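The values are calculated or read from the model by the stated rules, or taken from the named source; none is laboratory data. Treat the numbers as computed from the prediction; the structure is a model and nothing was measured. For neighbour counting, all protein chains shown are included, and Cβ atoms are generated from backbone atoms with ideal geometry for every residue, glycine included. Remember, those area values only see protein heavy atoms, side chains included, never the ligands or the DNA or RNA. Shrake-Rupley method; radii C 1.70, N 1.55, O 1.52, S 1.80 Å.
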Amino acid sequence: MRRRAEAWERFAATSVPTEAEEVWRYSGIDGFDLDAYAPAPLAAGLESTLAVARRLADSLGPRAGLVVTRNGTIEAIEMERSAPEALSVTNTRTAPRAAAAPETLGELAPGRDAFGELHDAFVSDVVLVGVPRKTVVADPIVVVHLVDPGAHGAPGVAVFPHMLVDLGTSSEAGVIELTAPIVSDGPLPAGDESDTTPSPMLLVPVTELRVADDSHLRYGNLQVLGQGATSIALQASCVGRDASLQSFTAGLGGRYARVRTDSDLLGQAGRTSLLAAYLGTGEQVHDFRTLQDHHAPRTESQLLFKGAVADTARSVYSGLIRIRKGARGANAFQTNHNLVLSEGAHADSVPNLDIDENDVRCSHASTVGPIDEEQRYYLETRGIAPAVAERLIVLGFFSDLAGRAPFPGVGRWVEEAVHRRMAGRLSAQGGTDG
Amino acid sequence: MTATSPTTEVSRGGSHELVIDGLRAGVAGLEVLTGVDLVVRSGEVHAVMGPNGSGKSTLAHVLMGKPGYQVLGGTVTLDGEDLLRLAPFERARLGLFLAPQDPIEVPGVGLHQTLTEALAGRGMSPDDAKGSLAARALVEAQRVGLETRLLERPLNVDLSGGERKRSETLQMALLQPNIAVLDELDSGIDIDGLHDVAQRVRDGVAEWGLGVLAITHYRRLLSVLQPDVVHVLVRGRIVASGGPELAGELERTGYAAFETAARADDSGTGIQN
Ligand SMILES: Nc1ncnc2c1ncn2[C@@H]1O[C@H](COP(=O)(O)OP(=O)(O)O)[C@@H](O)[C@H]1O
Ligand SMILES: [Mg+2]
């Protein structure tokens, strides 16, 4: 592929970013050595990998189909009998020519920085979800990306997953991506921290969501990588006229996990709802960059990102609402709330507006603060230990988000993951619940 | 008395005793309680009445250990245990309950979930706690007149003042504490509600020997609660104690006489600031 070679040349010509650049300020990227990552022999057999993926997918509720990738290679595509005939889920590498990569592949997510170029240079299989016009797929297609760190002592694996979801006009569908590591005895359960000897791994995933006129996409992205993982993800979407995207991202894993969410509203009265929940413990860093880009009149974007940091974890939320000339009557909302659970933890929140049109409604709000002492005290008066009260309050903090998740299974999954993570923290602290 | 409730673990026999001795306490650098002496035992109902700002809520929060309140002197024990050294949740597990004057909203945290954790914290297995709660909560909701759909709500979220007081009473009934401090259970609630919650507290006295410290402004609560003793708290200390007739007297004459006396007393002993 010419594109690949060109990308490699561009990557080689670009320097890896440094923390001196604002957008990479919190990334810890200066200590980053790309040469430390290499392809590694797989540790888990294919059958057990598939079993793991099915188990993970089962926890999300009913589905129309399952795609399993391992270290970026598509290992299985299993469609349910209930899935509409017309729905096509394919691998661009193995698909017959006609169904192979559409012209638009990569269009939404051109290499915008060194990691984008790296992705383009190394991407292997592309998961292509095509929903023809007027097709309605009720249950989500679940895409499980598993990362096999390889045999013990391997130098660390680098993985470049890519998915393109293409909804034709007047169609409806849902896709859930779940990214998890495989450890010797199965993957880590969501939010688990038993990963005490984390394997180093680098992920550079790209997701492209094309939502054509009058179509509706629900999208979930769940990430539970181990504490040795660096993930630099891009989610790019474009939404057409009278179309809608409901997106939900949950970031619980990773040592450094960055998600860039670029959402273009291209057609009149297109709508996006962008939700995210993130929880960092230990030394995790979660880094979210969002762009709500309004090109067309009467478009609407609603963004709600909520996060909590504990121990010495940190999080960054930096978001921009851009209203372009011509996007009259646009509505854009951006809200970011952060709970800081420990003295040593830190959250930054940087909302921004860039408005080139009059007649628009925009607002942004952000908060960073500790747990409400009065709430904790109230629960304590019922005989609940402070650490348990904290877990309840953190769960409560995320509950409105979980309630608005695009699929009930996704909301439940997030609540359970947060619960486990907070309970795990409790027992790691020696269990203050006497 | 034999307790058959699931909270038997926390009861230590049928007789409990909260002893407040010479308690002085302050908040925000202001000495509010200037020496409170009071003993509440199982099966007893004590009413504390007093003008606004006399320190009634401060007393309630100091007993529970709310952060921000400083104890300046005196002791408080429950069944001989020094309460003032314990964290609020430990006091609760010893059998102390506080229904605050203004129960706050705790977004996203459900009533069931809270009570399940509260019982688990008292040594009940989570499954048992959940199992026993579901059925009992319905019965108790009926008794305190709380609509059962409100049991599904996060704590106090979007509840009216009266619904909050019913919810507090329900929680008390489900946790079956040994001593309950009720801070203006009658404020913000309508007359029917007032009767329901007061009756539920009174029943608790009979059912499991609950001891009550009820802070109130109004005799109406007391007509159902039937206090054994009424105390008058003025300027941070108890200036008079008497039978239920004292409540009637206060309602006729107000606190003026007590305040004048207390003020004279303060200047006499040089405590006044
Ligand atoms: N958090 C606080 N900060 C400052 N002053 C307070 C605080 N809480 C109570 N006070 C003061 O302490 C006094 C007693 O208040 P409180 O105990 O609430 O009275 P009551 O419940 O009897 O009406 C009042 O003068 C009140 O203003
Ligand atoms: Mg008060």
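For this structure, a couple of remarks:
- Within the stretch A:65-80, the set of residues being open to solvent by 30 Å² or more (accessible area, probe 1.4 Å) and β-branched (Val, Ile, Thr) comprises A:Thr73, A:Ile77.
- Residues considered: B:Ala135, B:Ala99. Of these, the only one that is small (Gly, Ala, Ser) and touching a residue at least 12 places away in the same chain (Cβ under 8 Å) is B:Ala99.
- Scope the stretch A:171-223; condition open to solvent by 10 Å² or more (accessible area, probe 1.4 Å), modelled with pLDDT of 95 or more and over 12 Å from the mean Cα position of the chain (by Cα); matching residues: A:Glu172, A:Arg210, A:Ala212, A:Asp213, A:Asp214, A:His216, A:Arg218
- Residue satisfying condition, being touching a helix residue (DSSP H, G or I) at 6+ places or on another chain (Cβ under 7 Å) and either among the charged types (D, E, K, R) or open to solvent by 10 Å² or more (accessible area, probe 1.4 Å) (or both), within set A:Leu275, A:Leu291, A:Leu304: A:Leu304
- Residue that is farthest from the other protein chains (Cβ to nearest Cβ) [pool: residues in the stretch A:333-376 that are among the acidic types (Asp, Glu) and in contact (Cβ under 8 Å) with a residue 12 or more places away in the chain]: A:Asp356
- Whichever residue in the stretch B:18-69 is closer than 17 Å to B:Leu98 by Cβ and basic (Lys, Arg) and, among such residues, is farthest from ligand 1 (Cβ to nearest atom): B:Lys66
- Scanning the stretch B:75-109 for residues that are over 13 Å from A:Glu380 (Cα atoms), open to solvent by 40 Å² or more (accessible area, probe 1.4 Å) and of a type outside the set (Val, Ile, Thr) gives B:Asp79, B:Gly80, B:Glu81, B:Asp82, B:Leu84, B:Arg85, B:Gln101, B:Asp102, B:Glu105, B:Pro107.
Rundown of residues vs (1) among the hydrophobic types (A, V, I, L, M, F, W, C); (2) within 11 Å of chain A (Cβ to nearest Cβ), yes/no style:
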| site | (1), (2) |
| --- | --- |
| B:Thr77 | no, no |
| B:Pro88 | no, yes |
| B:Leu94 | yes, yes |
| B:Pro103 | no, yes |
| B:Val106 | yes, yes |
| B:Val109 | yes, yes |
| B:Lys130 | no, no |
| B:Arg136 | no, no |
| B:Leu150 | yes, no |
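- Test: residue in the stretch B:35-51 that is of a type in the set (Val, Ile, Thr), modelled with pLDDT of 95 or more, touching a His at 6+ places or on another chain (Cβ under 6 Å) and within 15 Å of ligand 2 (Cβ to nearest atom): yes
- B:Asp203 more than 16 Å from ligand 2 (Cβ to nearest atom), away from chain A (no Cβ under 14 Å) and open to solvent by 10 Å² or more (accessible area, probe 1.4 Å): yes
- Number of the condition not met by B:Asp127 [criteria: (1) of a type in the set (Asp, Glu); (2) modelled with pLDDT of 95 or more; (3) away from ligand 2 (no atom under 16 Å from the Cβ)]: (2)
- Criterion violated by A:Asp400 - all others in (1) within 30 Å of A:Ser59 (Cβ to Cβ); (2) in a strand (DSSP E or B); (3) open to solvent by 10 Å² or more (accessible area, probe 1.4 Å) satisfied: (2)
- When residues of the stretch A:379-389 are limited to those that are within 8 Å of chain B (Cβ to nearest Cβ) and open to solvent by 10 Å² or more (accessible area, probe 1.4 Å), the one farthest from A:Asp311 (Cα to Cα): A:Glu380
- Residue pairs whose Cβ atoms lie under 9 Å apart, sitting 6 or more positions apart in sequence or on different chains, and linking a residue in the stretch B:49-73 that is more than 10 Å from chain A (Cβ to nearest Cβ) and farther than 20 Å from B:Val239 by Cα to a partner that is aliphatic (A, V, I, L, M) and within 6 Å of ligand 1 (Cβ to nearest atom), are B:Tyr69/B:Val27; B:Tyr69/B:Val32; B:Gln70/B:Val27.
- Exactly one residue among B:Leu210, B:Leu175 is under 19 Å from B:Met64 (Cα atoms), out of contact with any Asp or Glu (no Cβ under 8 Å at 6 or more places or on another chain) and more than 14 Å from chain A (Cβ to nearest Cβ), and that residue is B:Leu210.
- Criterion violated by A:Arg412 - all others in (1) in contact with a helix residue (DSSP H, G or I) (Cβ under 9 Å, 6 or more places away or on another chain); (2) within 14 Å of another protein chain (Cβ to nearest Cβ) satisfied: (2)
- Selection status of B:Ala180, crowded, with 22+ Cβ neighbours inside 10 Å and either small (Gly, Ala, Ser) or within 14 Å of chain A (Cβ to nearest Cβ) (or both): yes
- Candidate set from the stretch B:206-221 (those that are over 25 Å from B:Gly80 (Cα atoms) and buried (at least 22 other Cβ atoms within 10 Å of the Cβ)); member that is nearest to ligand 2 (Cβ to nearest atom): B:Thr216
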